[in-house]
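All remarks here apply to the structure that follows.
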Amino acid sequence: MTARWIDGKAIADEIRLEIAHRVKEFVSQTKYKPHLAAVLVGENPASEVYIKNKRLACEKVGMESTLHLLPADIRMPALLDVIASLNRDPTVHGILVQFPLPGELDEGTVVHAIDPAKDVDAFHPLTVGLLVEGKPRFLPCTPEGVHQLLLRSGIEIPHKHVVVVGRSSLVGRPLSIMLSQKGPHADATVTLCHSRTKDLAYHCKQADILVAALGRPEAITANMVRPGAVVIDVGIHRTSAGKLIGDVAFDEVARVASAITPVPGGVGPMTVTMLLENTLRAAIFQRQA
Ligand code: GUN
């Protein structure tokens, strides 16, 4: 079998077009644009690229984005002051503080400081709590990106056995909650595997849908995949030769899977797309509040 490629770029473009239409409608009704405030602390080249991409994506769908550049040696109270002023600013709808933070700055404290109504990363404990309750306000960007990739590729989720590898609070854990929830777009049976799982290959091989989010280059090999399974690769790594690869050994797994996401061009473009969705939701939510 040769797997069908799930084209994350094309699906992300399709969703961004829909978001752009909704933004236009919002602007015509309210006379203002949904506005994402991005906070970047220090000079991390990877973070600079991520922030640039996020801001560009905002502009392309008609949203406003502002960048708040802060020095690497900023102290926690000053950083919290910046967040408090963005929380108070009624023209700001979404706040994103790019991680990792340099030095001793505590990411948990920063997450807790963001107004949950502006929590477009969906990291705040209130946002996570609402998700666990089954009444989400914002969905975490990468997990929802994976979910949308499956839905829009016509891959049935209800009754399927989804095996998620990796229990991070950013991806694996929230995704396992989302896909096991009640509803026509979820209702999966989910197994969550992690670094302490015994016989990882055995569990992976039970999957109808296998999601690799363990953060180890090409850790998922063909012998771990049931023939015909759908494989979603959340990982992204750069080899010493400069090539981008995922958590899945793509070439060999593509020979046994029925569908697979490439790296790059799979989950990656979906994450930023879901940030746009959350920023629009935040603007709508604050208008109604
Ligand atoms: N650093 C890596 N991924 C993310 C993300 O999704 N949000 C934020 N704020 N920082 C990140």
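Observations
- Relative intensity of the range 121-247 on a log10 scale, I(q)/I(0) at q = 0.09 Å⁻¹, equals -0.25, per a Debye sum over C-alpha point scatterers of equal strength in the absence of solvent.
- Exceeding the 21 Å Cα-Cα cut-off - candidates Lys118/Lys182; Lys60/Lys135; Lys182/Lys205; Lys33/Lys60; Lys9/Lys54: Lys118/Lys182; Lys60/Lys135; Lys182/Lys205
- Summarised as an ellipsoid, the range 31-116 has semi-axes of 21, 16, 9 Å, derived from the eigenvalues of the Cα gyration tensor scaled by 5 and square-rooted, with the largest first.
- Stretching the chain fully between Leu56 and Asp13 yields a gain of 14.1 nm (0.36 nm per residue, less the alpha carbon separation).
- Note on Phe285 and Ala46: their simple-model spin labels are 2.8 nm apart, each label 7 Å out from Cα toward Cβ.
- Loop-located trypsin sites (Lys or Arg not before Pro) in the range 178-217 whose Cβ has at most 11 other Cβ within 10 Å (DSSP): Lys182, Arg196, Lys198
- Gyration tensor (alpha-carbon) shape descriptor, the chain, a/c threshold 1.5: prolate
- Charge dipole (the range 141-267, unit charges on Cβ, about Cα centre) - positive-most of Gly145, Leu170, Met224: Leu170
- Cα centre as origin, Lys/Arg/Asp/Glu Cβ charges: the chain dipole, Debye: 460 debye
- For the range 212-262, Kirkwood radius (reciprocal of mean inverse C-alpha pair distance, Å): 10.8 Å
- Placing a label point 7 Å from the Cα of Lys243 along the Cα-to-Cβ direction, the residues of the range 210-227 whose backbone N falls under 18 Å from that point are 216-222.
- Percentage relative contact order, the range 136-289, counting C-alpha pairs under 8 Å, at least six apart: 23 percent
- Ordering of 243-251, 40-48, 257-265 by packing is 257-265, 243-251, 40-48, highest average first (other Cβ atoms within 10 Å, averaged per residue).
Only the coordinates and a few stated rules stand behind these numbers; no lab work does. Quick caveat: nothing in here was measured; it's all calculated off a predicted structure. Here the Cβ is made from the backbone with ideal geometry for all residues, glycine too, and neighbour counts use every protein chain on show.
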